Amino acid sequence: MKKSAFLLLSAFVFSAVFFFTSCDKPPITGGNVIEAKDVTSFPPENLEKIDKVKAFIFNQSEFTYQEVASCKFEKNGFTLTLPENVSENFLMSIASQVPPGIKMNPTDAKRSLILIAAIDRSGKQIGYLFFASDNLFKSPHAKLTYTTDFLYFDRNVTIKGNYSYESYNTKYDCSFKKGWNILYYRVKYDNETISIPLLSTSKPSGVNFQWFFLEGIPLDYKNVISPLKIHEQIISTMPPF
């Protein structure tokens, strides 16, 4: 991957947590409840290994994480109830990392993020659960796909504008509310390079999303430093087309 693509995406450190779901119903209901149905996997029998689902929240300055929610994985789905409020220990100021051309209001807003992990019957973390457009695995070389992130903000905040770096351009069109939010990443493939031309809190029209389980990525803070890290690992599991 080209260095410029990594710099473009890591500049805002939104640290991706990628998810998949098969219905248009918003995955966050009641403000802090994540509902997932019809989780899929390749191969499908991998789902039989999942016993529980856990949400972990990250402290990005101290490189630590903590479990904040847990539930059973049943009938190929789960319902996670996230905390309504997040401890100050896991909130991070991002104003200093907003790239040129992007306006953040207010600038003192703080945010956190979660990772959703799959746990087997022995208590071992065996992979992640993701929320993304259903063409991500059907067509790995598609021009455009979408992935998402679950973020918590301590107040209402807007982050808008356009950022350019060399040949890469990213539009930020985000209006976060206090509490839990979904951030949609538009992912573009070009000559084996990944870029993100759009980050938005608005669900893209005409795009179907589905829940997906990806086995084998250990829970490690370094895996969620940037949107590219997990996305690269997802792509590496795809068969050639």
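A short reminder: the numbers here are calculations on the coordinates, not readings from a lab. Since this is a predicted model, take the numbers as computed values, not measurements. Because the Cβ atoms are built from the backbone with ideal geometry, glycine has one as well, and the counts that use them run over all protein chains shown.
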A 26 angstrom limit on the alpha carbon distance is what I want to check against. Which of Lys52/Lys188; Lys37/Lys160; Lys124/Lys178; Lys103/Lys203 exceed it?
Lys52/Lys188; Lys37/Lys160; Lys124/Lys178
Give the long-range amide H neighbours of Phe73: residues separated by 5 or more places, or on another chain, with amide H under 5 Å away, using H modelled in the peptide plane at 1.01 Å from N.
Lys52, Val53
Highest to lowest packing among 158-169, 95-106, scored as the average C-beta count within 10 Å
158-169, 95-106
What ranking, highest mean first, results for peptides 38-51, 121-134 when packing means the other Cβ atoms within 10 Å averaged over each residue?
121-134, 38-51
Let me know the Rg and Dmax you get for region 61-120 when you use only its Cα atoms, in Å.
15.7, 46
Expressed as a fraction of 2.2 N^0.38 Å, the rule-of-thumb size for a compact globular protein of N residues, what is the C-alpha radius of gyration of region 45-191?
1.19
